[in-house]
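**Student:** Okay, here's the structure, questions in a sec.
Laboratory data are not the source of any read-out in this text; all were calculated from the coordinates shown. These figures come from a predicted structure and were not determined experimentally. Every residue, glycine as well, gets a Cβ built from its backbone with ideal geometry; the counts of neighbours run over all protein chains shown.
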Amino acid sequence: MLSVNNLSAGYGRKSVLTGIDIPGMQAGTMTAFLGQNGAGKSTLLRSLAGLHKAGGTLSLDGTDLTHQSPSARARSITYMPQSLPQRVALTVLEATIGALRASSRDPDAVKRSLAVLERLGISNLAMSQLDSLSGGQRQLASLAQALVRKPKVLLLDEPTSALDVAHQIRVMRTIREITQEQGIIAIAVLHDLALAARWCDRLVLLSKGRVLTDGEPADALTAAALLEAYGVTGRIERCSRGHIQVLIDEVA
Ligand SMILES: Nc1ncnc2c1ncn2[C@@H]1O[C@H](COP(=O)(O)OP(=O)(O)OP(=O)(O)O)[C@@H](O)[C@H]1O
Ligand SMILES: [Mg+2]
């Protein structure tokens, strides 16, 4: 279980997040962090990864991680940033194996890496150079590097932002399956509210540096919350298959 308690963060004298409490994120579940551009989602994720200085406490399974260095945290927390590294002279498979070897001495590294590429539907890219990939393909390759490590906590900053509709679903389903199978605590920053509502167990909506709503998708996403967090008027409805749909009518 991962708990964030009274987290605050900013840049210089500028405060971005204050009094952030996100208790009890459970193993085997996926939580989405939502909120408008500049709401502080990436700052929060980097703070959890130990890459940005923050106040408050972070505990994982009863252990206080607050004063652990980023490298110590990296043993249990894997973080995929919003902007991906450029100019990496490796193939997709080499990068995936490298990510795995950085955290374990698994003798089956090649097999395990190929299996992750297969699950993400990018086996055909195994021998491609990272530099030669499209934006979406590079995002999938980065996701493979994160998933192959089997972390306790998986932090993904906008993992589907460059993906087509089919890959968005494939990626969300794969993350959810792997999260459940391996008992991972997954957190993804997302802008697509319907995607978040369909695939995540819990949504945390950030607004004005605070947690505005936190709960199951139907509880966290309300018309009032959309208006407050994004400044839009909209409706939450269910489609014929029961999936939550977010219909935005206007910018208020
Ligand atoms: N390196 C930085 N130095 C100064 N201010 C920063 C820095 N990075 C982010 N900020 C500011 O902190 C606030 C939150 O930024 P953050 O990147 O966390 O937002 P976000 O919710 O991830 O937005 P987006 O949806 O656009 O990715 C913004 O006002 C931004 O301008
Ligand atoms: Mg961001």
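**Student:** Calculate how steeply helix 165-182 sits against the longest principal axis of the alpha-carbon atoms of the chain, using the helix alpha-carbon long axis, and give the answer as 0 to 90 degrees to the nearest 10.
**Tutor:** 80 degrees
**Student:** Same structure again: Toward the positive end of the charge dipole of the chain, about the Cα centre and with charges on Cβ (Lys, Arg +1; Asp, Glu -1), which of SER128, HIS243, ILE187 goes farthest?
**Tutor:** After comparing all options, I get SER128.
**Student:** Just to confirm the number: angle between the C-alpha axis of helix 92-101 and the first principal axis of the chain, 0 to 90 degrees, nearest 10?
**Tutor:** With rounding to tens, the tilt is 80 degrees.
**Student:** Would you please give the residues with an amide H less than 5 Å from that of THR29, counting only those at least 5 places away or on a separate chain, with H modeled from the backbone geometry?
**Tutor:** ALA186
**Student:** From the backbone phi of the range 11-17, what are the Karplus-calculated ³J(HN,Hα) couplings (6.51 cos²θ - 1.76 cosθ + 1.60, θ = phi - 60°) in whole Hz, Gly and Pro given as x?
**Tutor:** Along the range 11-17, the couplings run 10, x, 8, 7, 8, 10, 10 Hz.
**Student:** Which value, in debye to the nearest 20, describes the size of the charge dipole of the range 128-169 about its Cα centre when Lys and Arg Cβ atoms bear +1, Asp and Glu Cβ atoms bear -1, and nothing else is charged?
**Tutor:** On the way: 4 positive and 4 negative charges, 62 e Å.
It works out to roughly 300 debye.
**Student:** Let me ask another. Go ahead and run the numbers for FRET between VAL110 and THR66, Cβ-Cβ distance against an R0 of 35 Å, rounding to 0.05.
**Tutor:** Working: r = 37 Å, r/R0 = 1.06.
Efficiency for this residue pair is about 0.40.
**Student:** Let me ask you something else. With only Lys, Arg, Asp and Glu charged, each at its Cβ (+1 for the first two, -1 for the last two), find how big the charge dipole of the range 146-252 is about the Cα centre; round to the nearest 20 debye.
**Tutor:** Working: 13 positive and 14 negative charges, 79 e Å.
The dipole magnitude comes to about 380 debye.
**Student:** Sticking with this structure for a sec: For the chain, what does the alpha-carbon gyration tensor say about shape, rounded, prolate or oblate, given a ≥ b ≥ c as the root eigenvalues, a/c under 1.5 as rounded, and a/b over b/c as prolate? Working shown, then result.
**Tutor:** Numbers: a/c = 1.75, a/b = 1.27, b/c = 1.37.
Here the chain falls in the oblate category.
**Student:** Determine ³J(HN,Hα), in whole Hz, for all residues of the range 23-36 in sequence, where each value follows from phi through the Karplus function 6.51 cos²θ - 1.76 cosθ + 1.60 and θ = phi - 60°; x replaces Gly and Pro.
**Tutor:** Calculated HN-Hα couplings, in order: x, x, 7, 8, 4, x, 10, 10, 10, 9, 9, 10, x, 5 Hz.
**Student:** Name the residue farthest towards the positive end of the dipole of the range 1-76 from the options TYR11, ALA74, LEU60, assuming +1 on Cβ of Lys and Arg, -1 on Cβ of Asp and Glu, about the Cα centre.
**Tutor:** Farthest towards the positive end: TYR11.
**Student:** Counting helices only, and only those DSSP H runs with n ≥ 4, report the 222 nm mean residue ellipticity of the chain as the sum of -39,500 (n - 2.57) divided by its residues, in deg cm²/dmol to the nearest 500. Walk me through the intermediate numbers first.
**Tutor:** Working: 9 runs with 83 residues, N = 252.
Dividing the helical sum by the residues of the chain leaves -9500 deg cm²/dmol.
**Student:** A further question on this structure: Give the calculated FRET efficiency between ARG235 and ALA162 to the nearest 0.05, with a Förster radius of 35 Å applied to their Cβ-Cβ distance. It would help to have the intermediate numbers written out before the result.
**Tutor:** On the way: r = 28 Å, r/R0 = 0.80.
Calculated transfer efficiency: 0.80.
**Student:** Grab the Cα-Cα distance for HIS191 and ALA27, subtract it from 0.36 nm times how many residues apart they are, and report the gain in nm with one decimal. Please list the in-between numbers first.
**Tutor:** On the way: separation 164, 0.36 × 164 = 59.04 nm, distance 2.33 nm.
Taking HIS191 through ALA27 to full extension adds about 56.7 nm, to one decimal.
**Student:** Quick check on the range 188-238: take the gyration tensor over C-alpha atoms, sort the square-rooted eigenvalues as a ≥ b ≥ c, and tell me if it's rounded (a/c under 1.5), prolate or oblate. All intermediate terms of the calculation are to be shown ahead of the outcome.
**Tutor:** Values: a/c = 1.57, a/b = 1.13, b/c = 1.39.
Oblate shape, in that a/c is at least 1.5 and b/c is the bigger or equal ratio.
**Student:** Let me know the charge dipole size of the chain about its Cα centre in debye, to the nearest 20, where only the beta-carbon of Lys, Arg (+1) and Asp, Glu (-1) is charged.
**Tutor:** Values: 27 positive and 22 negative charges, 128 e Å.
That gives a dipole near 620 debye.
**Student:** Now for a different question. Report ³J(HN,Hα) in whole Hz for each residue of the range 41-50, in order, from the Karplus equation J = 6.51 cos²θ - 1.76 cosθ + 1.60 where θ = phi - 60°; Gly and Pro get x.
**Tutor:** Listing the rounded values in order: 5, 5, 4, 5, 5, 5, 5, 5, 6, x Hz.
**Student:** Relative to the first principal axis of the alpha-carbon coordinates of the chain, what is the inclination of helix 109-119, with its axis defined by its Cα atoms, in degrees from 0 to 90 and to the nearest 10?
**Tutor:** 50 degrees
**Student:** Let a ≥ b ≥ c be the square roots of the eigenvalues of the Cα gyration tensor of the range 213-252; is it rounded (a/c under 1.5), or, if not, prolate (a/b larger than b/c) or oblate? List each step's numbers first, then the result.
**Tutor:** Numbers: a/c = 3.82, a/b = 1.30, b/c = 2.94.
Oblate.
**Student:** Scan around LEU206 for amide H atoms under 5 Å from its own, H built in the peptide plane at 1.01 Å from N, and keep only partners 5 or more places away or cross-chain.
**Tutor:** Amide H neighbours of LEU206, under 5 Å, 5+ apart: LEU34, GLY35, LEU212.
**Student:** Continuing with the same structure: So who's got an amide H within less than 5 Å of the one on VAL189, skipping anything under 5 residues away but keeping other chains? H placed 1.01 Å off N, in plane.
**Tutor:** Distant-sequence amide H within range of VAL189: PHE33, LEU156, ASP157, GLU158.
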